[in-house]
């Protein structure tokens with residue numbers, strides 16, 4: 001008989017309790033005026049950006065705080081919640097910000113969560129925006145899914161507000177897609 005006993009979730013739970021009670025943390029992140037007390041080991045285990053910040057000869061490697069620019073406080077809170085609990089709530093209101101921050105902070109597992117959210121929530125109103133973000137961040141599978149969706153739902157896409165915002169080059173690129181199904 002074999003029994004596998006793991007402590008990883010219990011460890012993260014304890015570290016999250018420390019974070020919430022502001023005890024035992026060894027680093028402070030400032031983002032858009034908000035301060036977050038965190039553990040370097042947790043951030044470094046999820047993010048190559050933070051790992052480099054703490055291990056390469058950057059000033060943050062010997063200071064007890066760092067500043068993250070261009071990421072809002074609520075977005076950082078969502079990312080830290082994910083790191084400490086393996087859970088975060090993605091919505092149409094925050095997923096683009098979380099994706100941008102995850103790309104910036106090099107958090108592949110959260111990028112994948114955003115991609116899955118986009119796949120499940122794609123519709124005629126948002127497929128062009130999803131395609132645009134996917135192209136920007138080299139998410140090839142998601143680009144392909146958006147283009148397939150556009151090809152199969154052209155009427156809905158043409159009625160979307162995002163379509164009216166496209167520049168001529170983007171419209172030309174869409175017209176080059178194959179296998180349009182117009183119903």
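Read-outs: derived from the displayed coordinates by stated rules, not from any lab. Since the structure is predicted, the reported quantities are computational estimates derived from the model, not experimental observations.
Side notes on the structure shown:
- Crossing angle, helix 140-152 versus the chain [Cα axis fit, 0-90 degrees, rounded to tens]: 30 degrees
- For the chain, the longest principal axis of the C-alpha atoms and the axis of helix 73-85 are separated by about 70°.
- DSSP beta bridge pairing in the stretch 1-87, given as percent antiparallel to the nearest 5: 55 percent
- Correct choice for Cα Rg over 2.2 N^0.38 Å that was computed from the model, options [x] 1.27; [y] 1.49; [z] 1.33: [x]
- Expressed to the nearest 5 percent, the antiparallel share of DSSP beta bridges inside the chain is 55 percent.
- The stretch 122-183, relative contact order in percent, only Cα pairs under 8 angstrom and at least six apart counted: 39 percent
- Shape class for the stretch 122-183, computed from the alpha carbon gyration tensor (a ≥ b ≥ c): rounded, with a/c under 1.5.
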